[in-house]
Amino acid sequence: MGETGLRKRREDEKSIQSQEPKTTSLQKELGLISGISIIVGTIIGSGIFISPKSVLSNTEAVGPCLIIWAACGVLSTLGALCYAELGTMITKSGGEYPYLMEAYGPIPAYLFSWASLIVMKPSSFAIICLSFSEYVCSPFYPGCKPPEIVVKCLAAAAILFITTVNSLSVRLGSYVQNIFTAAKLVIVAIIIISGLVLLAQGNTKNFENSFEGAQLSVGAISLAFYNGLWAYDGWNQLNYITEELQNPYRNLPLAIVIGIPLVMACYILMNVSYFTVMTTTELLQSPAVAVTFGDRVLYPASWVVPLFVAFSTIGAANGTCFTAGRLIYVAGREGHMLKVLSYISVKRLTPAPAIIFYGVIATIYIIPGDINSLVNYFSFASWLFYGMTFLGLIVMRFKKKDLERPIKPITMHLQMLMEVVPPEEEPE
């Protein structure tokens, strides 16, 4: 009698459990290699093929230009290490959104989510897709600028392709990211190796008196940093997908420590290669620095440069879309956006509504915008919230003392070095 009653109770419990609503959540499908690919693939987009002119036009000399590129890399690494502490302390997707929520409360997080949805993320996506479109169209219109309608239609098609891929599958999106990251590293390696070979052959004329005529005013250096940091933007992208990262306590900081110094080395060596082939005047007059480099060094195979630059930009756009969709999803989950944006495809386990909505907003930005205006639109808003997030890390040192900080000693010493916070006692 007792066994029969016990059996019946167990069957009732199973029946109750089966009737409970099942929740769908993001899956941990991204390993260390995918994490590094997202960082490298998102940072190395169109910036290194556009920004060399912008940095050089403000410094007006080779020496300060190379120093600015190195300094921007160091600053990006320090910022990413601060984000690594935040990401291992608060293991939620959404980038700055959950950090601002924990540090300041719902209002700044709410403002960030809407600023990201309406301004920062779509404008960044549009910038990269427009750059991709211009590089793809330029070989078909030699000697003249491609028609604006053709450029914008191709950019819209790129947005449609990327949003479709990322809505279909997390794994497919990560595979596409890995492939395009490998492709962009090929063109980076081609430019670096070609330049270093020419440098070894004695083409060092452009590096003589490299500080002569340099513009070292505060305004010029600030503008040079502004453009250099834009080329490094993307160093925080892995924090947007923390919930899908396998073993984030290990893989998040490791991907940052490997990925960003790799990008910094590539950027400095690519600039050295450019200056090996072009004078400062020639570089400033070039409509597309990488294409001019290819025409002078790789002819008759110079066609590979715009092709691989297109791969590079489309890979950066894919990484941006992959991570931005998670921010919109998390904000919707917290009730700061439309509830439908927090839905996950039961079959494909992707935040498809958030990604599709993001793609629609980015397409709208393409219609009236051009690259330069979008860069200015994007950068100011982004760095405002980056600064708030860095300050939030210090705020949480006092407000959230009980939270576990697996990599606190790293960022603590870096912040002490930068005099962001007063020295603290060494942890036991």
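The values are calculated or read from the model by the stated rules, or taken from the named source; none is laboratory data. These numbers were taken from a predicted model, which means no experiment stands behind them. Cβ coordinates were reconstructed from backbone atoms using ideal geometry, including for glycine residues, and neighbour counts include every protein chain displayed. Side chains included, ligands, DNA and RNA excluded: accessible areas come from the protein's heavy atoms. Shrake-Rupley method; radii C 1.70, N 1.55, O 1.52, S 1.80 Å.
Among residues of the stretch 283-309 being modelled with pLDDT of 80 or more and closer than 13 Å to S194 by Cα, the one that is most open to solvent (accessible area, probe 1.4 Å) is R296. Within the stretch 272-282, if we keep just the residues that are in contact (Cβ under 8 Å) with a residue 60 or more places away in the chain and assigned to a helix (DSSP H, G or I), the residue that is most open to solvent (accessible area, probe 1.4 Å) turns out to be T280. Quick check: is even one residue across the stretch 171-194 of a type in the set (S, T, Y), within 20 Å of the chain's Cα centre (by Cα) and open to solvent by 20 Å² or more (accessible area, probe 1.4 Å)? Scanning the stretch 171-194, I find at least one residue that is of a type in the set (S, T, Y), within 20 Å of the chain's Cα centre (by Cα) and open to solvent by 20 Å² or more (accessible area, probe 1.4 Å), so the answer is yes.
If you go through the stretch 46-66 and keep only what is modelled with pLDDT under 75 and open to solvent by less than 10 Å² (accessible area, probe 1.4 Å), you end up with S46, G47, F49, S51.
Every listed requirement among (1) open to solvent by 50 Å² or more (accessible area, probe 1.4 Å); (2) at pLDDT 80 or above is met by Y226 save one, (2).
Sub-7 Å Cβ pairs linking a first residue in the stretch 202-221 that is outside any helix (DSSP H, G or I) to a second residue that is open to solvent by 50 Å² or more (accessible area, probe 1.4 Å), at least 6 apart or interchain, are G213/E60; A214/E60; Q215/E60, ordered by first then second residue. When each of L154, L111 is tested for being surrounded by fewer than 21 Cβ atoms within 10 Å (Cβ to Cβ), within 17 Å of A316 (Cβ to Cβ) and more than 16 Å from the chain's Cα centre (by Cα), the lone residue that passes is L154.
The rows are residues; the columns are (1) open to solvent by 60 Å² or more (accessible area, probe 1.4 Å); (2) under 17 Å from T323 (Cα atoms); (3) in contact with a Lys or Arg (Cβ under 8 Å, 6 or more places away or on another chain).
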{"residue": "K205", "(1), (2), (3)": "yes, no, no"}
{"residue": "D233", "(1), (2), (3)": "no, yes, no"}
{"residue": "L238", "(1), (2), (3)": "no, yes, no"}
{"residue": "I241", "(1), (2), (3)": "no, yes, yes"}
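Against the criterion of being out of contact with any Lys or Arg (no Cβ under 6 Å at 6 or more places or on another chain) and open to solvent by less than 40 Å² (accessible area, probe 1.4 Å), P248 qualifies. Exactly one residue among T77, T91 is open to solvent by 20 Å² or more (accessible area, probe 1.4 Å) and touching an Asp or Glu at 6+ places or on another chain (Cβ under 8 Å), and that residue is T91.
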